[in-house]
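*Asks:* The structure that follows is given in the form of structure tokens.
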Amino acid sequence: MGEARSGIISRSDSLLEPRQPTLRKTLGVFDGVAILIGITIGAGIYSTPQIIAGYQESFYPIIALWIFVGFFVFLGGLIYAELGSRLPNTGGEYVYISRCFGPFAGFMFGWAQLFIIRTSPAAGLAIVTANYMGYFVELNRFAHTAVALSVIGLLGALNYVGIRRASVYQQLSTVLKVGGLTALVILGLTLVQGQENLLSDRVPPIGTLSPFGNTVAALMLIAFTYIGWDRVGYAAGEMKNPRRVIPLSMFIGIATLILVYALINVIYHRTLGMEGMRASTIVASDVAASLIGPLGAGSIALLVMISATGSINGTMMTATRAYYAMARDGLFFKWLSFVHPKFRTPSRAILAHCFWAAVILLIRGTFETIVAGMVFAILIFYTFTTLALFKMRKDAVGGQDVYRVPLFPVLPGLYLAGILALLIFRAIFEWEKSLVDLAFIATGLPFSLIWCRRERKLAT
């Protein structure tokens, strides 16, 4: 009798408690496509093609590698579409990994996101933005750092005051960057007519690895340029209908990426050739300057700034939701689970993301240092999310009314084999960097003992 009475009292008390604010559901398919493309097209397509040219002898194996990686990314998109359809919750991969492999695996994923994988690109791309700002205004070292920090701060403020405002900038930057790259391709294909076709250039590779090692190094750079497609599911809790929005965003967004990347590589090599590619440090600006003079170089500088800030903004819109979801589940600082009562955003998670990105920027300093080795860490978690699909299929998570990857288990198995091969090859050919990457991830181990033990106590 006493137990029943206390149950009634606790229930009525809970009804009297003020309702906690929740994330606002406003995002549709166009928003999802804008997030995917906006994050993925950052600085990679402007900074990696000239390096990749050093690892291969001609354009044709290079374009084959870009399409090959694009095919695997599309397979990954199919997998993430089903995962997001089965568990359409804010947090993306954190949710999938935690559901299938427990709180320890989920914590280690979230730790790597905040301290390595997602904040490093924000710092690196802020530096790229400041670099290209220097094309218009001369910046000394202090001013350069101040501009880069301001980029992080301004985009953080935009995300803090509402995902709708951040989404508007994401859509705008996505349209401009895709439009700008498309215009560059069209101008290139039009203006190089009658000039010597440099696509057939053949020169010995200058990469210091073996032929196979050079190919692995090129694949890792291409994979870096594609990174970003996986984050659509992070904002599932703010989508109107995530079981529809996530799959469509994946299909449309990744197909667009493959097409844009293939075409822009054609115009790069068609205009500059292998030798010109290797000699360039700002390949897109050099191509534009070759086609339409200084006006073209300035336009490309502006385009790179838009692309870089759009990528930072898209990551901020998505990765912060993983920190929020972890804290909400008791696996991270409780402070991060706060939802701003007015703006309905995970405001403290956004502040933490901006703060750590600024710390990385100040400590590590250069774009090359910041982004080195990111792909290896990300591929580790791609492996776990792919394994999560097999487990969810077995456990029938999400019921039957979900998107399903075709040709299961062949296509997911092929994707998993490709990811494992890249991990193994990178560990063999660049083992020192791989150990450093693993060490960064391992810094979360002591903290995992604290939060996972706390989570087990709460569960009992």
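The values are calculated or read from the model by the stated rules, or taken from the named source; none is laboratory data. Predicted model only: the values in this text are computed from it and were never measured. Cβ placement follows ideal geometry from the backbone for every residue including glycine, while neighbour counts extend to all protein chains displayed.
This table checks each residue for (1) surrounded by 18 or more Cβ atoms within 10 Å (Cβ to Cβ); (2) acidic (Asp, Glu); (3) part of a loop (DSSP other than H, G, I, E, B); (4) at pLDDT 90 or above.
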| position | (1), (2), (3), (4) |
| --- | --- |
| ARG11 | no, no, no, no |
| ASP31 | yes, yes, no, no |
| ILE67 | no, no, no, yes |
| LEU83 | yes, no, no, no |
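*Asks:* On the phi > 0 side of the Ramachandran plot and either surrounded by 19 or more Cβ atoms within 10 Å (Cβ to Cβ) or not aromatic (Phe, Trp, Tyr) (or both): does that describe GLY102?
*Replies:* Numbers: on the phi > 0 side of the Ramachandran plot: yes; either surrounded by 19 or more Cβ atoms within 10 Å (Cβ to Cβ) or not aromatic (Phe, Trp, Tyr) (or both): yes.
In short, yes.
*Asks:* Let me ask something additional. Looking at (1) polar (S, T, N, Q); (2) under 22 Å from GLY77 (Cα atoms); (3) surrounded by 16 or more Cβ atoms within 10 Å (Cβ to Cβ), which one does GLN400 not meet, given that it meets all the others?
*Replies:* (3)
*Asks:* Restricting attention to the stretch 100-116, does a residue exist that is small (Gly, Ala, Ser) and farther than 23 Å from ALA223 by Cβ?
*Replies:* Within the stretch 100-116, the subset small (Gly, Ala, Ser) is 102, 105-106, 110, 112.
With farther than 23 Å from ALA223 by Cβ added as a condition, the list becomes 102, 106.
Scanning the stretch 100-116, I find at least one residue that is small (Gly, Ala, Ser) and farther than 23 Å from ALA223 by Cβ, so the answer is yes.
*Asks:* Pull up the stretch 157-200, narrow it to residues that are under 22 Å from LYS240 (Cβ atoms), surrounded by fewer than 20 Cβ atoms within 10 Å (Cβ to Cβ) and β-branched (Val, Ile, Thr), then point me to the one that is farthest from the chain's Cα centre (by Cα).
*Replies:* VAL161
*Asks:* Using the structure shown, decide if PHE212 is of a type in the set (Phe, Trp, Tyr), surrounded by fewer than 17 Cβ atoms within 10 Å (Cβ to Cβ) and touching a Gly at 6+ places or on another chain (Cβ under 8 Å).
*Replies:* Values: of a type in the set (Phe, Trp, Tyr): yes; surrounded by fewer than 17 Cβ atoms within 10 Å (Cβ to Cβ): yes; touching a Gly at 6+ places or on another chain (Cβ under 8 Å): no.
Judged against the criteria, PHE212 is not a match.
*Asks:* Another question, if that's okay. So which residues in the stretch 370-412 are outside any helix (DSSP H, G or I) and among the aliphatic types (A, V, I, L, M)? Before the answer, list the steps.
*Replies:* Restricting attention to the stretch 370-412, the residues satisfying the condition of being outside any helix (DSSP H, G or I) are 372-373, 396-409.
The answer is ALA372, ALA396, VAL397, VAL402, VAL405, LEU407.
*Asks:* If you check GLU93 against the conditions, is it of a type in the set (D, E, K, R) and modelled with pLDDT under 85? Show your work before the answer.
*Replies:* Numbers: of a type in the set (D, E, K, R): yes; modelled with pLDDT under 85: yes.
Yes.
Quick grid of which residues meet (1) surrounded by 24 or more Cβ atoms within 10 Å (Cβ to Cβ); (2) free of Cβ contacts under 8 Å to residues at least 24 places away in the same chain:
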| residue | (1), (2) |
| --- | --- |
| ILE292 | no, no |
| ALA301 | no, no |
| ALA308 | yes, no |
| THR315 | yes, no |
| ARG321 | yes, no |
| ALA327 | no, yes |
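*Asks:* List pairs: first residue in the stretch 380-402 and more than 30 Å from ARG426 (Cα to Cα), second residue crowded, with 17+ Cβ neighbours inside 10 Å and among the small types (Gly, Ala, Ser) anywhere in the structure, Cβ distance under 8 angstrom, at least six positions apart or on different chains.
*Replies:* From the stretch 380-402, the pairs are GLY398/SER85; VAL402/SER85.
*Asks:* If you don't mind, there's one more thing I want to ask. Does the stretch 422-438 contain any residue that is modelled with pLDDT under 80 and under 20 Å from GLY106 (Cβ atoms)?
*Replies:* Yes, the stretch 422-438 contains a residue that is modelled with pLDDT under 80 and under 20 Å from GLY106 (Cβ atoms).
*Asks:* Identify all residues within the stretch 244-277 that are over 21 Å from LEU198 (Cα atoms), among the hydrophobic types (A, V, I, L, M, F, W, C) and in contact with a Ser or Thr (Cβ under 9 Å, 6 or more places away or on another chain); write none if there are none.
*Replies:* ILE246, ILE254, LEU257, listed by residue number.
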